[in-house]
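What follows is calculated from the coordinates using simple rules that are stated; it is not laboratory data. Not measured: the values here are computed from a predicted model. We place every Cβ from the backbone using ideal geometry, glycine too, and count neighbours over all the protein chains shown.
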Amino acid sequence: MNGFRTRGHPIALAAVRRAVRTGRPPHAMLIVGPDGVGKTTLALDLAAGLLCVDPDPASRPCRDCAACRKVEHDNHPDLHRLMPEGAGDQIRLVQVHALVAELALLPMEGRWRVAIIEAAHRLNPDAQNALLKTLEEPVGAACIVLVADEPQSILPTVASRAARVRLGPVSRPEIAALLEDRGVADAARSTSIARAARGRPGLGMTLAALPEASIVADRLARTLLDLARADPSVRLGAVGGLVADGAALDAMLRGEGSRAAGVTSARGARVAPAERRRAAARVLAAWRDLGRDLFVAASGGGHELNDPQLLEELRDVASRVEMRDLLAFLERLDALIAAVEGYANPELVLDALALAWPRARAA
């Protein structure tokens with residue numbers, strides 16, 4: 001039985017299988033890729049495989065032994081998961097110090113101690129420097145997996161000491177099959193959701209469970225498209241609504257349904273700093289997807305669109321926008337995505353992009 005939960009990513013999964021089968025994982029691994037694409041799932045597959053006690057290495061993770069069940073329920077004493085917390089939504093020095101102290105100990109039950117640092121791009125500089133010492137002098141039975149959406153926020157000295165694995169979008173058939181296998185959507189609905197998931201299985205699972213997330217995502221894409229036809233004052237006035245929709249979508253994707261309902265019902269309400277940063281990241285991701293769709297529409301494509309329902313409007317706007325201006329905008333967008341992951345003011349970034357978004361010529 002295949003105990004790996006990762007869908008797609010055959011090259012990355014082959015590397016994890018090899019590490020599990022040989023019992024020789026890298027002392028540190030950096031998994032990078034878009035949010036929801038399966039990075040944490042791959043990290044947990046590696047952890048389950050290393051901690052599994054099945055006597056046959058080729059059968060690990062078996063998902064049936066006590067160790068596998070503990071990994072599944074997040075209560076294995078040799079699995080440590082670190083994630084942002086507190087003001088600023090950062091991973092702080094004190095958290096890394098505690099983790100390093102745990103990794104210095106011998107495993108309690110298995111052959112390894114495995115640490116998964118989720119949202120590693122939120123490690124603050126002091127925390128990264130503290131982690132660097134452990135990466136430079138790895139302990140014998142520890143494997144550290146860093147999971148990051150945007151690797152630009154990882155210090156080069158940290159990134160260079162980890163085996164890098166990059167995950168890209170997962171195919172629509174793979175996502176549709178996942179939804180059907182999990183029993184969350186039938187064949188017809190799974191195809192539609194897989195298209196809306198934009199290559200991200202995690203997003204697909206959320207959209208299947210929360211149809212309202214699709215409504216917010218569609219509204220966000222439509223608002224951004226409408227801004228291509230709008231005057232500067234209208235563009236700037238729309239930023240508050242974009243942040244609110246981004247915050248609502250982020251809350252849904254993070255499993256915080258009650259907060260999402262509050263944000264959605266009070267668009268324009270004040271959003272906490274950490275939430276604003278995450279909200280802006282959601283808006284920027286939607287903007288990047290829309291920019292790609294404009295390129296596809298301009299070339300006469302349609303089936304490859306992230307949102308085929310906007311096909312006619314996309315073709316209309318694409319026919320009235322200079323493609324070189326759109327390309328320059330997307331290059332700037334990629335740079336500002338990294339800035340938001342750092343310490344740039346999210347609203348100022350969105351204001352700047354709203355004004356730089358290529359304007360469609362009058363019909």
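Side notes on the structure shown:
- The angle between the Cα long axis of helix 232-253 and the main principal axis of the chain comes to about 30°, on a 0 to 90 degree scale.
- Neighbourhood charge, 12 Å Cβ-Cβ cut-off, centred on I91 and excluding it, Lys, Arg +1 and Asp, Glu -1: -1
- Dipole of the chain, positive end: most advanced residue of H97, P273, S214 [Cβ charges, Cα centre]: H97
- In degrees, nearest ten, helix 172-181 long axis to first principal axis of the chain (Cα): 60 degrees
- Within the chain, DSSP assigns beta bridges of which about 5% are antiparallel (rounded to the nearest 5).
- Listed residues P55, P201, P138, most fluctuating in the chain (Gaussian network, C-alpha, under 10 Å): P55
- Note on Y343 and S299: with the Förster distance fixed at 35 Å, the Cβ-Cβ geometry gives a FRET efficiency of about 0.40.
- In this Cβ point-charge picture (+1 for Lys and Arg, -1 for Asp and Glu), the chain has a dipole of about 360 debye about its Cα centre.
- Our helix-only sum for the chain, with -39,500 (n - 2.57) per DSSP H run of n ≥ 4 divided by its residues, gives a mean residue ellipticity at 222 nm of -17500 deg cm²/dmol.
- Sequence-distant contacts, meaning Cα pairs under 8 Å at least 6 residues apart, place the relative contact order of the chain at 15 percent.
- Springs between Cα atoms under 10 Å define the GNM used for the chain, and in it the highest mean-square fluctuation of A197, A338, A15 occurs at A15.
- Under 11 Å, Cβ to Cβ, from T157 - net charge with Lys/Arg +1 and Asp/Glu -1: +1
- Label-point separation, A352 to R5 (7 Å along Cα→Cβ), nm: 3.8 nm
- Surrounding net charge for H73, when Lys and Arg each add one and Asp and Glu each subtract one, Cβ distance under 13 Å: +2
- Shape category assigned to segment 170-209 from the gyration tensor of Cα positions, a/c cut at 1.5: rounded
- Seen against the Cα atoms of the chain and their longest principal axis, helix 187-196 is set at about 80 degrees.
- In this rough spin-label picture, where each label sits 7 Å from Cα along the Cβ direction, the K133-E312 distance is 6.4 nm.
- Once Cα extents along the principal axes in Å is calculated for the structure shown, the corresponding label among [x] 59, 45, 41; [y] 104, 40, 33; [z] 68, 46, 38 turns out to be [z].
- In this structure, A14 and R69 have a Cβ-Cβ separation that, at R0 = 30 Å, corresponds to a calculated FRET efficiency of about 0.70.
- Put simply, the amide H of I117, placed in the peptide plane, has neighbours under 5 Å in L82, V145, L146, V147, leaving out anything fewer than 5 places away on its chain.
- Whole-number percent relative contact order across segment 170-209, with pairs defined as alpha carbons under 8 Å at least 6 apart: 45 percent
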